[in-house]
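Beneath this line is the structure, given in C-alpha cells, with notes to follow.
The values are calculated or read from the model by the stated rules, or taken from the named source; none is laboratory data. Nothing here was measured: the structure is a model prediction, and the numbers come from that model. Here the Cβ positions follow ideal geometry from the backbone for every residue, glycine too, while neighbour counts run over all protein chains shown.
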Amino acid sequence: MDLTRLIDALDPQAPLAQRHLWLIELLRWVRGDAQDPQASVARVRLFLDAVQHRPEWLVRWRNWWQTFVGSVDATPLLADYGFAPRTAFLSELGQRLRRKVLPGTPETTDLAELFGLLLPTRFDVLWLKALDTATLERLRRLLFTPAEAAHTDATPEAAGFWQTALMDALIFCVSQVSATGFASEIRVRMSAEAQAGRPFHELPSSFEVLRLGVQNHGPHSPQALEAAAQLRAQLDACRHAAYSVYSHLEAHGVSVGIVFRLRQLRERIVRIKELLDCLQSEQPERATATLLADLAQVGQDNRSIRALIASSSQLTAAKVAERSAESGEHYITRDADEYRQMLGKAAGGGAVLGLTTWVKLSLYALGLSAFWGGFAAGLNYAFFFVLIQLLHLTVATKQPAVTAPAMVAKLKDIREPGAVRRFVDEVANLFRSQIASIVGNVGLVVPVVVVLSLVLQFVTDAPMIDANQAQHALHDLHLLGPTVLFAALTGVLLFASSIVAGWVENWFVFHKLDSAVRHNPRFTRVLGPARAARWATFLRSNVSGLAANISLGFMLGLVPAFAAFFGLGLDVRHVTLAAGQAAAAAASIGPGILTEPAFWWAVASIALVGPINLAVSFYLAFRLALRAQSISEVNRQRIRAALWRRIRSASLSFLLPPRRPRNDARQDDVDREKTEGAPPVDAPDSVPPPAAPPQHG
C-alpha cells in the first residue's frame, strides 16, 4: 500500500481489529524492505511531511488516537511484557511454545498482545534506535500533542494517559520485585547481611514517596526527582541482596527455577528504571523511543526457547561441569605409578565386562520383544557398570566425559603464568590414561570371553554363541558398515550419562539428601545413627558415579530399542563390549576364523570404535566445560598453539608417563612463558559473576 492510500484509509470509527490493522500496515510501510534503518527513518520523515500538509487528516488522526488510547490497556505492555506470568521456568517454556505455534490477533484491547504484531522483527529495534531527536520531537509535537494544548499550559490528554500508564506499570513492577524478594526460596538463601539490611521491606515505602511526589507536585518536581533517586538506590540494594543468593547456589547446588526467578527480578529492576526515565526525562520522546526499542528486543528474545534455556541453565551447566571435574580428577594419571594402577583397574574392568558380554549374549536366547530386550540389556549393563564402580575398577570410555571438565578447570586462572602449559600437561596425562584404560579393558575382556566360551563348550557342549550368531556378530562389526556412526552415537550417550551424573549430584546436594539420611529420625530409627552416617557418606561420595553408570547402562540398552520403534535402525558400539563380542565369535568359529576377512574387518573396526567413543564424548564435554568456564576465543587459540608445540617437541609425552614427578613444573612454566611470550589476554576467563544475565537495551 502506498503512503497516500494509507493516509486516506485512516478511519476513527472503524471496528477495533480494523483500526489496529491500519497501524500494523503503517509500521510495515515504515519498515520497507527491512534492510537499512536510515531508510525507515526517512520514511517516517516523509510520513510527517505528508501529514503536515493535510490539516483535515490531523483531525481524523486525533480522533483515531483518542479512540485508541481509550480502548487499549498499555499497562501490561509496560509492566509485564517479556516476563513470565507466574515467574516459573516451566510456565515460561510453555508460553513460548504456544507463541511459536499459535498466531496472534489484532482484535485485542491488550497492548502487550498487539505489540508483537506491531513490531515483529529485529529490524524494528534498529530503526527505532536510529530515530534522531529532531524527528522524535516532530513526531511528538505533530501527532501526540492536541492542537488546543499546543499554545496553552494545559496538560495534554495524551500526556495524561501516558503518565497514568507509567505510574500503574511502576506499581505493578515494584510489587513483583517485592514479591520475588519475599519468596521463601529466595529469602532463605540470601546472605545474613542481605537479610539484615531488609531492602525488600523498604521498597514499597520508597515507591509510595515517589507516587505521592508525582501526584502532588508533578513528575519533574524536586520532590519527585529526589524520591526517584531514593527509589533507584533502594532497587540497587534489592538487586545486590538478590545476587547473594548465587553464592548459596554455588555452594549448595543450583536450581534452574531459582536462577530463572533471579533473572526475572533483575530485568524487572531494569524495567522500573526505564519507566522512571520515561516519566522524568527532559527528553521524554527519546526515552519513550528507547523503551519501545527495548520492548521490541524483548519480544524477539522471548520467542527464543534456546535463549530461555541457555540463560536459565548457564549456572547449572557450570555446576554440572564442576561436579564432573571433581569426579574426573580420579581418572587422570600423572606418573608411572598411577599409570600402572590405571592399567590394573582397567584390566579388572575388562574382566568384569567379559561377564557382561556373556550375560548380554545369553539374553538373546530368551526371545524378548524389542523393548524388554533393550530393558534387560540396559539392566545388565547398569549392574556390571555399578559393580565396576564399587570394586574401584574403571571403564575406558566413561572417562573422557568427566576428565574434560577436570582439565578445563585448570583454566580458571588462565591469566596466571604457566596456566596454559599446565593444561597441556593435563592433556598429555589424559591421553596416556585413555591408552592405558583401553589397553587394560580390551586386553582382558578378550581372554575372559574366550575362556568363558571354552568353559561353556566343555560343560554344556555348546559355545557362548553358535556359528550363525558368530557370523552375524562379525557382520555387525564390519568396518565398512554403519559402525562409525554407531560409535559416534555411543560417544554422545557417554557424554549424556556424565550430564545426568552432574545433574543428579547437584540435585542431591541442593536438597541436602546426605544430611537427611544422616539425621532424619526415620532413617536413624531404622538404620541406627552410625549406619545412617555411613550410608550418607557413601551416597555423597558415589551418587554421581551411580547416576552415570545406571543412566549409561539403560541408554545403551534402550536407545536401540526406541530407535527401532521409529524405524531408525540405530545401534550402539562400545569398544570393550564390541571386543568381547568379536572374541565370542572367534571362540565359536575356532582357529579358522583367522583366515576369514570378516574377522579382520571387525578387528579394524574395534580399533576405530575406541577412539571415536573417546573423541566424541570428550569433545562434547570439553565444549560444555569451555562454555561453563567462559574461555574466550583468544585463549582457545593459545591452547591450540600450545598443544601443537607439545606434539612437535615432545610427542612421546602423550604415550609414556614421566619418569619423575614434575615438582618444579610451575616454575618451568613461568620461566618458559616469560621467554616465549604469551599472547595478550582479552578478558578474564573465570566464571562470570551471576549478575551477567543480558540487560535489554
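Considering the range 252-293, the residues that are touching a Leu at 6+ places or on another chain (Cβ under 9 Å) and of a type in the set (Val, Ile, Thr) include one that is surrounded by the fewest Cβ atoms within 10 Å (Cβ to Cβ), namely 256.
For the condition farther than 27 Å from residue 447 by Cβ and buried (at least 17 other Cβ atoms within 10 Å of the Cβ), residue 575 does not qualify. When we screen 580, 557, 553, 528 for residues that are over 27 Å from residue 471 (Cβ atoms) and crowded, with 20+ Cβ neighbours inside 10 Å, the only hit is 553. Assess whether residue 626 counts as being surrounded by 14 or more Cβ atoms within 10 Å (Cβ to Cβ), in the same structural domain as residue 419 (by TED's automatic domain parsing), at pLDDT below 75 and of a type in the set (A, V, I, L, M, F, W, C). Here the answer is yes, as residue 626 does meet what is asked.
With the structure loaded, tell me whether residue 247 is under 30 Å from residue 515 (Cβ atoms), surrounded by fewer than 16 Cβ atoms within 10 Å (Cβ to Cβ) and either modelled with pLDDT of 70 or more or assigned by TED's automatic domain parsing to the domain that holds residue 617 (or both) or whether it fails that test. Criteria met by residue 247.
Let's see how each residue does on (1) modelled with pLDDT of 95 or more; (2) of a type in the set (A, V, I, L, M); (3) in contact with a helix residue (DSSP H, G or I) (Cβ under 7 Å, 6 or more places away or on another chain):
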site	(1), (2), (3)
213	no, no, yes
272	yes, yes, yes
278	no, no, yes
282	no, no, no
292	no, yes, yes
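In summary, residue 94 fulfils each of the numbered conditions (1) crowded, with 19+ Cβ neighbours inside 10 Å; (2) without any contact (Cβ under 8 Å) to a residue 60 or more places away in the chain with the single exception of condition (1).
Rundown of residues vs (1) modelled with pLDDT of 90 or more; (2) hydroxyl-bearing (Ser, Thr, Tyr); (3) over 38 Å from the mean Cα position of the chain (by Cα); (4) not in a loop (DSSP other than H, G, I, E, B), yes/no style:
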| site | (1), (2), (3), (4) |
| --- | --- |
| 28 | yes, no, no, yes |
| 39 | yes, no, no, yes |
| 46 | yes, no, yes, yes |
| 51 | no, no, yes, yes |
| 57 | no, no, yes, yes |
| 66 | no, no, yes, yes |
| 76 | yes, no, no, yes |
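Consider residue 106 carefully, then state whether it is more than 18 Å from residue 291 (Cβ to Cβ), modelled with pLDDT under 90 and surrounded by fewer than 20 Cβ atoms within 10 Å (Cβ to Cβ). Judged against the criteria, residue 106 is not a match. Picking from 72, 51, 44, which residue would you name as being within 23 Å of residue 169 (Cα to Cα), surrounded by 15 or more Cβ atoms within 10 Å (Cβ to Cβ) and not hydroxyl-bearing (Ser, Thr, Tyr)? It is 72. Contact annotation: residue pairs with Cβ atoms under 8 Å, 6 or more positions apart or on different chains, pairing a residue in the range 53-74 that is among the basic types (Lys, Arg) with a partner that is in a loop (DSSP other than H, G, I, E, B), are 60/10; 60/11; 60/12; 62/146.
Of the helices (runs of 4 or more DSSP H) lying entirely inside the range 182-291, those containing at least 2 residues that are within 18 Å of residue 166 (Cα to Cα) and out of contact with any strand residue (DSSP E or B) (no Cβ under 7 Å at 6 or more places or on another chain) span 199-217, 222-252, 256-280. The one condition from (1) buried (at least 20 other Cβ atoms within 10 Å of the Cβ); (2) touching a Gly at 6+ places or on another chain (Cβ under 8 Å); (3) over 30 Å from residue 444 (Cβ atoms) that residue 563 does not meet is (1).
Pairing each residue of the range 1-27 that is touching a residue at least 60 places away in the same chain (Cβ under 8 Å) with any residue that is in a helix (DSSP H, G or I) and exposed (fewer than 14 other Cβ atoms within 10 Å of the Cβ), provided the two are 6+ apart or on different chains, yields C-beta distances under 7 Å for 16/71. Residue pairs whose Cβ atoms lie under 7 Å apart, separated by 6 or more positions or on different chains, with the first residue in the range 574-593 and in the same structural domain as residue 476 (by TED's automatic domain parsing) and the second outside any helix (DSSP H, G or I) and not hydrophobic (A, V, I, L, M, F, W, C), are 587/463; 588/463; 588/466. Condition first: within 39 Å of the chain's Cα centre (by Cα) and either within 30 Å of residue 559 (Cβ to Cβ) or among the aliphatic types (A, V, I, L, M) (or both). Can you find one or more residues in the range 445-461 that meet it? Looking for residues that are within 39 Å of the chain's Cα centre (by Cα) and either within 30 Å of residue 559 (Cβ to Cβ) or among the aliphatic types (A, V, I, L, M) (or both), one finds at least one in the range 445-461, hence yes. Here residue 96 clears all of (1) modelled with pLDDT of 85 or more; (2) among the charged types (D, E, K, R); (3) not in a loop (DSSP other than H, G, I, E, B) except the condition numbered (1).
When you scan the range 563-575, do you find a residue that is under 24 Å from residue 509 (Cβ atoms) and either basic (Lys, Arg) or out of contact with any Pro (no Cβ under 8 Å at 6 or more places or on another chain) (or both), even just one? Looking for residues that are under 24 Å from residue 509 (Cβ atoms) and either basic (Lys, Arg) or out of contact with any Pro (no Cβ under 8 Å at 6 or more places or on another chain) (or both), one finds none in the range 563-575, hence no. Considering the range 109-151, and only residues there that are among the aliphatic types (A, V, I, L, M) and not in a helix (DSSP H, G or I), the residue that is modelled with the lowest pLDDT turns out to be 150.
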